[in-house]
1. Take the residues in segment 51-65 that are surrounded by 15 or more Cβ atoms within 10 Å (Cβ to Cβ) and at pLDDT 90 or above; name whichever of them is nearest to residue 11 (Cα to Cα).
2. Counting residues that are in contact with a helix residue (DSSP H, G or I) (Cβ under 8 Å, 6 or more places away or on another chain) and touching a residue at least 12 places away in the same chain (Cβ under 8 Å), which strands (runs of 3 or more DSSP E) fully inside segment 1-68 reach at least 3?
3. Please go through (1) assigned to a loop (DSSP other than H, G, I, E, B); (2) at pLDDT below 95; (3) exposed (fewer than 12 other Cβ atoms within 10 Å of the Cβ) for residue 160 and return the number of the only condition it doesn't satisfy.
4. Which members of segment 71-92 meet the condition of being over 17 Å from residue 27 (Cα atoms) and under 18 Å from the mean Cα position of the chain (by Cα)?
């Protein structure tokens, strides 16, 4: 799993007044859960650029005065008008404790059905995976090379190695639909075949 580094400063005060002062200075009040105690810190809002403005999922290594915590983003709050980040919750990871994360779905190969005029419909962008941190995949790959028109891929078809897929196995991830052009071509072909037989 990709890991992004983030540096921060521990917060001496955790009240609303202190949080407002931090935001006015371009900093985001944050808290790390999941360990023996909650850890409050602040970091520049720009630290989240590689984390929230991307479809990817990543681990976040937080460096607080030389002490490092491996975390994932648990929750983030935005200002309703400006969209600036108001607060972020991070969850501390442990080598022996599995976690659940939404993992992006990526596609490889060319679908024969699409090449024949069908349309690839992607129903799911991310799928929830439960795994130990070291086994968490960055993406889940769907091979399109065998999909004909009318074919679909369900969650149950995704191979899981050293992790468990949490989402419903019957959920459709993608499918190749028939388009009007395909129907028209099929009708024209059938008509032509019929005329040839007369």
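The values are calculated or read from the model by the stated rules, or taken from the named source; none is laboratory data. Note that the structure is a prediction, hence the values are computed from the model and not measured. Here the Cβ positions follow ideal geometry from the backbone for every residue, glycine too, while neighbour counts run over all protein chains shown.
1. That would be 64.
2. The qualifying strands (runs of 3 or more DSSP E) are 3-10, 27-33.
3. (3)
4. Within segment 71-92, 71, 72, 74, 91 meet the criteria.
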